[in-house]
1. Whether any residue in the range B:54-76 is in contact (Cβ under 8 Å) with a residue 60 or more places away in the chain and over 22 Å from residue A:90 (Cβ atoms) is what I want to check.
2. Take the residues in the range A:83-107 that are facing another protein chain (nearest Cβ under 10 Å) and more than 14 Å from the chain's Cα centre (by Cα); name whichever of them is least open to solvent (accessible area, probe 1.4 Å).
3. Quick one: residue B:124 ticks every box in (1) crowded, with 20+ Cβ neighbours inside 10 Å; (2) in contact with a helix residue (DSSP H, G or I) (Cβ under 8 Å, 6 or more places away or on another chain); (3) under 30 Å from residue A:107 (Cα atoms); (4) away from chain A (no Cβ under 14 Å) except a single one, so which number is it?
4. Just one of the numbered conditions (1) within 14 Å of another protein chain (Cβ to nearest Cβ); (2) farther than 26 Å from residue A:109 by Cβ; (3) open to solvent by 30 Å² or more (accessible area, probe 1.4 Å) is not true of residue B:141; which one?
5. Is it the case, given these coordinates, that residue B:48 is more than 12 Å from the chain's Cα centre (by Cα), within 12 Å of chain A (Cβ to nearest Cβ), closer than 20 Å to residue A:45 by Cβ and open to solvent by 30 Å² or more (accessible area, probe 1.4 Å)?
6. Please count how many residues of the range B:108-144 are charged (D, E, K, R) and over 16 Å from the mean Cα position of the chain (by Cα).
7. Would the range A:13-22 turn up any residue that is in a loop (DSSP other than H, G, I, E, B) and of a type in the set (D, E, K, R)?
8. Taking residue B:135 and the conditions (1) surrounded by 20 or more Cβ atoms within 10 Å (Cβ to Cβ); (2) within 24 Å of residue B:62 (Cα to Cα); (3) in contact with a helix residue (DSSP H, G or I) (Cβ under 8 Å, 6 or more places away or on another chain), which numbered condition does it fall short on, given that it satisfies the others?
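The values are calculated or read from the model by the stated rules, or taken from the named source; none is laboratory data. None of these values were measured; they are calculated from a predicted model. Cβ: placed from backbone, ideal geometry, glycine included. Neighbour counts: every protein chain shown. When the accessible area is computed, the model is the full protein with side chains, heavy atoms only, and any ligands, DNA or RNA have been set aside. Shrake-Rupley method; radii C 1.70, N 1.55, O 1.52, S 1.80 Å.
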There are 2 protein chains.
Amino acid sequence: MKLDDSYFMQKALNEAEKAFEMDEVPVGALIVIDQKIIARAHNLTERLNDVTAHAEMQAITSAANFLGGKYLKGCTLYVTLEPCVMCVGALYWSQLERIVFAASDPKRGFLSKNLSPHPKTSVTQGVLAEEASSLLVRFFQKKR
Amino acid sequence: MKLDDSYFMQKALNEAEKAFEMDEVPVGALIVIDQKIIARAHNLTERLNDVTAHAEMQAITSAANFLGGKYLKGCTLYVTLEPCVMCVGALYWSQLERIVFAASDPKRGFLSKNLSPHPKTSVTQGVLAEEASSLLVRFFQKKR
């Protein structure tokens, strides 16, 4: 049975929930190849005191480590929020096959900056967007 | 005596030369606060099998670790090549004070993508640009 985008995005949402519980902006990411999850990560910028510790960045490093090569050809990234400029820049270098994201980020997302990933990379958006957004809204309401 | 941009860029070039000797694209970076170098790094994408291991990214992580906080307020980054999309995105989040780069990168540099760092960050370009370029040219000639 072929696992679909919603299946994997739900797993990415589980990662985002771990971030939420750690008082981190709740964003989670997975990298999948041939229907297998090879990297899971969630935002850790506060815990690591490091602006570069976005879920996507950690997932890229971890997947490349698993594959033993720096290019993520044939891989799909699932992430619960539209990647920012930094993350889409990293995804560009990785040459992965697909990016699937849930919630849009009209303020900091790469689409609002007219950026695109590598020409070899396709983008799908809106998978479980409501679930991902509502987790983010809950987080920022709690912070106020 | 106040140390100037050329002084620090020369130190960043020394980092780039270390990358060259390791067969890495020769780019080096420093982060300086109050005339003190708090981070030094050079490109390690091959050695670490990691597209995110640009000199700037490592320098940001290292400086934040030194300062004990994720924001690099009051810091200057010296880097021998114009930062790419990923790196300028990371520099945006870091809110550092200044970016000083040597050689331009018309193909992959952030200026060609109409990106800018944080509004609080100023940019100076062209410091020791010829030295930085010639090291890059030597590297890519050797690769052919």
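1. Scanning the range B:54-76 turns up at least one residue that is in contact (Cβ under 8 Å) with a residue 60 or more places away in the chain and over 22 Å from residue A:90 (Cβ atoms).
2. Checked the range A:83-107; the qualifying residue least open to solvent (accessible area, probe 1.4 Å) is A:95.
3. Looking at each condition in turn, residue B:124 falls short on (1).
4. (1)
5. In short, no.
6. Looking only at that region, the number is 6.
7. no
8. In the conditions (1) surrounded by 20 or more Cβ atoms within 10 Å (Cβ to Cβ); (2) within 24 Å of residue B:62 (Cα to Cα); (3) in contact with a helix residue (DSSP H, G or I) (Cβ under 8 Å, 6 or more places away or on another chain), residue B:135 misses (2) alone.
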